[in-house]
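Quick notes on the structure that follows.
The values are calculated or read from the model by the stated rules, or taken from the named source; none is laboratory data. Nothing here was measured: the structure is a model prediction, and the numbers come from that model. Note: areas computed on protein heavy atoms with side chains; ligands, DNA, RNA excluded. Shrake-Rupley method; radii C 1.70, N 1.55, O 1.52, S 1.80 Å.
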Amino acid sequence: MKQRNTILLPKAQRIISVLGENIKLARLRRKYSMQQVAERANISRPTLVSIEKGNPNVTIGAYVKVLAVLGLEKDILEVAKDDTLGRRLQDAKIITRERAPKRIGL
């Protein structure tokens, strides 16, 4: 299978790296080995290594499986839960057009 090279902005890469580090720390606090977590999450050990390193090519489903093994699956529900910018835009009733208007007389 051809591997994709996902390019992230540095800020996004730092975020996913912190997420991987947090998952690793949670695993270590529970005293689970990498093999135990990988087997329980039904993923390969190299995939778990990639998750803990913050590799952006790993699917979000694999992250959720690992979080479930660690008992942290509900944490994923906190993502974008309080969308303050979206709510302010909604309250301001800003209209966004789906497409640009047609040009007349070129």
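Return a yes/no flag: does region 81-95 have any residue that is modelled with pLDDT of 95 or more, in a loop (DSSP other than H, G, I, E, B) and open to solvent by 90 Å² or more (accessible area, probe 1.4 Å). No, the conditions are met nowhere in region 81-95. Residue count for region 17-73 under the criterion of being basic (Lys, Arg), open to solvent by 30 Å² or more (accessible area, probe 1.4 Å) and not in a loop (DSSP other than H, G, I, E, B): the result is 6.
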